[in-house]
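The values are calculated or read from the model by the stated rules, or taken from the named source; none is laboratory data. What you see is a predicted model; the values in this text were computed from it and never measured. Positions of Cβ are backbone-derived with ideal geometry, glycine not excepted, and every protein chain shown enters the neighbour counts.
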Amino acid sequence: MNEINTKTKEDISRLIASILSKPFEEVEAVVEGTFAVMQSLLVQGDRIEIRGFASLNHYLKPGQKYRDIDSKEMRSTPPRLGLKFKPSKKLEGDYQTYAPTTRRLNSAKSV
């Protein structure tokens, strides 16, 4: 089974620092600041669009109805906010072109 290689903010900062030949500490501060601002904007209710990459926006998840096993009553959960990551067409196309074939096949089988 293929294992997905997860990258952290620190890994991204190190990669950017090596590409730009800048000190890791400077790049790390910029990356941390970028994610802090993005988080703040999302919490305030703003939509974030990074052209050529993706957009992040929230939506209201409707409450769900369920039957309480003990009392046999119908109940519902309250609506909640959800966060949606929508990749750009460019990112989606690049991913389909360059992603490892086995990962794409495994995800298609699980659907």
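Only one of the listed residues (SER55, SER40) is of a type outside the set (A, V, I, L, M, F, W, C) and either touching a Phe, Trp or Tyr at 6+ places or on another chain (Cβ under 7 Å) or more than 16 Å from PHE85 (Cβ to Cβ) (or both). That residue is SER40.
The residue of segment 11-46 that is surrounded by the most Cβ atoms within 10 Å (Cβ to Cβ), among those that are among the charged types (D, E, K, R) and over 23 Å from TYR95 (Cα atoms), is GLU28. For segment 31-56, a tally of residues being part of a helix (DSSP H, G or I) and touching a Lys or Arg at 6+ places or on another chain (Cβ under 8 Å) returns 3.
The lone criterion from (1) modelled with pLDDT of 90 or more; (2) in contact with a Phe, Trp or Tyr (Cβ under 9 Å, 6 or more places away or on another chain); (3) assigned to a helix (DSSP H, G or I); (4) among the hydrophobic types (A, V, I, L, M, F, W, C) left unmet by LEU83 is number (3).
Output yes when any residue across segment 13-30 is assigned to a helix (DSSP H, G or I) and within 16 Å of the chain's Cα centre (by Cα), and no when none is. Before you say what the answer is, go through the steps one by one.
We begin by selecting, within segment 13-30, every residue assigned to a helix (DSSP H, G or I); these are 13-20, 24-30.
If we keep only those that are within 16 Å of the chain's Cα centre (by Cα) as well, we get none.
The answer is no; no qualifying residue exists.
Residue count for segment 2-52, restricted to those that are in contact (Cβ under 8 Å) with a residue 40 or more places away in the chain and either of a type in the set (S, T, N, Q) or at positive phi (or both): 1.
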